Amino acid sequence: MTAPQPLIAGNWKMNGLGASLEEARAVAAGLGDTPARVAICPPSILIHRMASALGGGPLLIGGQDHHWDDAGAFTGDVSAEMLADAGASLVILGHSERRAGYRETDELVASKVKAALKYGLEPIVCVGETLDERKAGKALEIVTGQVRGSLPSELAGKTFSVAYEPVWAIGTGLTPTTPEIEEVHRAIRATLVEMFGEAGKRVPILYGGSVKPGNAAEILHADEVGGALVGGASLKAADFLGIIRAL
Ligand code: 13P
C-alpha cells in the first residue's frame, strides 16, 4: 500500500487583502521539488485574483467553507459551485471555528461535503476536541464520532482528506505531544478503514494547530500524519515555505 501523497494547506482565515497575493506568488515560486501537494485557502473574495496571479501553477487554491445548497436566497453566502468557478479545487469544511462560532453540526458538515463533491471540490474535513473534552478523556470518542458523522458515504472513491485540529491548539502556540497526535491519527485511520475499507488507508490525515517552521519536521514525520493544515504561519511565505521544506 503506497502512502498517500502529503497535503499541506494554508488556511488564511479572515486575513489577506490584494497585497497578500505577493505572499502566494512567493510560495508558488519557492515550492521547488516538494513531495507534497500544497494549497492556500484564502478568503473567498481573493480566490479568483489568486488564481489569476498564480496562472495555473502547482500551488492549489482552496475555499474555507461554503453553503450546502446549490444557489438561492442565502444572503452573504457562497456556494461550492461559486468557489469552483472562481478557481478553487479544494475546500476546508467543518473547521472548529465554524462548528463553534456558527453552530455547524456533523450533519451540516456532511451536507456541505456532498455539495463540494457535486462541484468537483476536494474536501478537507476538520475534526478536533476541546480542552475540556481532552481533560475528560474523551478526545478519541469525540474525534472519531465527528469523522463518522461528518463524512458521508458519497466520499467513497473520491479524493479527500481529514484534518485533526485540537481546538485548544489552534492559534495558541500549544501543540499535543507527538504520541498524542499519533494516538488520535491512528484512531482516525481505523475509523476511515471501517468506513471506506482499503481506500480509507489512502486518505491523508493532516494535523493542524500551531504548526510552525520550528515544530513542523517532528509533526510531519509522525506516524499517520499525512500533512498539515496551517493557520497563522501560512500568512507569510517564508514561514509557510519553512513548514513545506520540513517534510
Ligand atoms: P494555527 O496554525 O494558527 O494554530 O491555526 C490552525 C488552523 O486552525 C488551521 O485551520
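The values are calculated or read from the model by the stated rules, or taken from the named source; none is laboratory data. Worth saying up front: this structure is predicted, and the values here are computed from it rather than measured. Neighbour counts run over all protein chains shown; Cβ positions are idealised from the backbone, glycine included. Note: accessible area is taken over every heavy atom of the protein model, side chains too, but ligands, DNA and RNA are not part of it. Shrake-Rupley method; radii C 1.70, N 1.55, O 1.52, S 1.80 Å.
Here is the figure for segment 207-239: residues that are closer than 19 Å to THR172 by Cβ and within 14 Å of the ligand (Cβ to nearest atom) total 21.
Return a yes/no flag: does segment 2-21 have any residue that is more than 16 Å from the ligand (Cβ to nearest atom), farther than 18 Å from VAL211 by Cβ, under 13 Å from the mean Cα position of the chain (by Cα) and outside any strand (DSSP E or B). No, every residue in segment 2-21 fails to be more than 16 Å from the ligand (Cβ to nearest atom), farther than 18 Å from VAL211 by Cβ, under 13 Å from the mean Cα position of the chain (by Cα) and outside any strand (DSSP E or B). Residues considered: VAL113, VAL38, VAL27. Of these, the only one that is within 25 Å of PRO152 (Cβ to Cβ) and either β-branched (Val, Ile, Thr) or in contact with a His (Cβ under 7 Å, 6 or more places away or on another chain) (or both) is VAL113.
A Cβ distance below 7 Å, combined with a sequence gap of six or more or placement on separate chains, defines the contacts here; from segment 118-134, residues that are closer than 14 Å to THR172 by Cβ and in a strand (DSSP E or B) reach no residue that is open to solvent by less than 50 Å² (accessible area, probe 1.4 Å) and polar (S, T, N, Q).
Figure legend. Inter-residue proximity from segment 209-226: first residues within 11 Å of GLU182 (Cα to Cα) and charged (D, E, K, R), second residues at pLDDT 95 or above and away from the ligand (no atom under 13 Å from the Cβ), beta-carbon distance below 6 Å, spacing 6+ or different chains. Indicated pairs: ASP223/GLU182; GLU224/HIS185; GLU224/ARG186; GLU224/ARG189; GLU224/ILE205.
Put simply, of VAL78, VAL91, VAL109 the only residue that is within 15 Å of the ligand (Cβ to nearest atom), touching a Ser or Thr at 6+ places or on another chain (Cβ under 6 Å) and either in a strand (DSSP E or B) or β-branched (Val, Ile, Thr) (or both) is VAL109. Just one of the numbered conditions (1) farther than 14 Å from THR191 by Cβ; (2) without any contact (Cβ under 8 Å) to a residue 60 or more places away in the chain is not true of ILE170: (2).
Residue check: is ALA29 without any contact (Cβ under 8 Å) to a residue 60 or more places away in the chain and outside any loop (DSSP other than H, G, I, E, B)? So ALA29 fits the description; yes.
Taken across segment 193-206, residues that are in contact with a Gly (Cβ under 9 Å, 6 or more places away or on another chain), part of a loop (DSSP other than H, G, I, E, B) and within 16 Å of the ligand (Cβ to nearest atom) do occur, with at least one present. Before we move on, is PRO35 of a type outside the set (Asp, Glu), assigned to a loop (DSSP other than H, G, I, E, B), more than 21 Å from ALA80 (Cα to Cα) and free of Cβ contacts under 8 Å to residues at least 40 places away in the same chain? Against the criterion (of a type outside the set (Asp, Glu), assigned to a loop (DSSP other than H, G, I, E, B), more than 21 Å from ALA80 (Cα to Cα) and free of Cβ contacts under 8 Å to residues at least 40 places away in the same chain), PRO35 does not qualify. Looking across segment 45-75, the residues that are surrounded by 14 or more Cβ atoms within 10 Å (Cβ to Cβ) and not in a loop (DSSP other than H, G, I, E, B) come down to LEU46, ILE47, HIS48, ARG49, MET50, ALA51, ALA53, LEU54, LEU60, ILE61, GLY62, GLY63. Criterion applied to VAL211, VAL225, VAL184 was being in a helix (DSSP H, G or I) and open to solvent by less than 60 Å² (accessible area, probe 1.4 Å), and the one residue passing it is VAL184. For segment 90-102, the condition holds for no residue, the condition being that it is surrounded by fewer than 18 Cβ atoms within 10 Å (Cβ to Cβ), closer than 23 Å to ILE244 by Cβ and touching a Leu at 6+ places or on another chain (Cβ under 6 Å). Summed over segment 135-179, the residues that are part of a helix (DSSP H, G or I), within 16 Å of the ligand (Cβ to nearest atom) and open to solvent by 20 Å² or more (accessible area, probe 1.4 Å) give a count of 3.
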